[in-house]
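Asker: First, the structure itself, so that you have it in front of you.
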Amino acid sequence: MSAKFLSCGLLIINERAELLVGHSTGNEHWDLPKGLIEPGEAPIDCALRETHEEFGLAFEPASLINLGRHAYYRGKDLHLFAVGVDSTEIRPEQCTCTSYFPHYRTGESVPEVDAYAWASDVSLGVRLAASMRRLLLGRSLLIQARQLLGVPNPSPHDGTGRLAF
């Protein structure tokens, strides 16, 4: 059996229980900051590096909660961490990406992430790729992360008996 690749990432969760996500340039999906670990790099350092490169954000290692290593998809695991933030201090319009790659059609250098947003669970169900949606929503990892951070999970209802969107 061959060794699995390991990516590391960070769930950035605000006081409204929303997750900060970035739009992956060139496709329809949104994602959290994550990427492949480098040889000799600790998972927490990888998650912090990827967050800085893809979202332009820096956090103290002590502020992160370790959510552990999870099967992500065939041949790849994902080691995740979580951090709680105040949405008045971390705003999507201030995020920046310094990690670039050549566009598959034009060869032009484009950022890995080209837009940012706070996303509710309903929005995540539409925005995330299937493998990330399964991990965060299907396996309730996002709910667990909120509980560990002391952030109340959102109610599926808005108080009127209707589902909240």
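Just so you know, all these numbers are worked out from the coordinates, no wet-lab data involved. Please read all numbers here as calculations on a predicted model, not as lab measurements. All Cβ positions, even for glycine, are placed from backbone atoms using ideal geometry, and neighbour counts span all protein chains on display.
Asker: List the cysteines in the chain whose Cβ has no other cysteine Cβ under 4.7 Å from it.
Answerer: Among the cysteines of the chain, those whose Cβ sits 4.7 Å or more from every other are C95, C97.
Asker: GNM, the chain, Cα, under 10 Å: largest mean-square fluctuation among E15, E112, E93?
Answerer: Result: E93 has the largest fluctuation of those listed.
Asker: While we're here: Note down, for the chain, the three equivalent ellipsoid semi-axes (square root of 5 times each alpha carbon gyration tensor eigenvalue), biggest first, whole angstrom.
Answerer: Semi-axis lengths for the chain are 25, 19, 17 Å.
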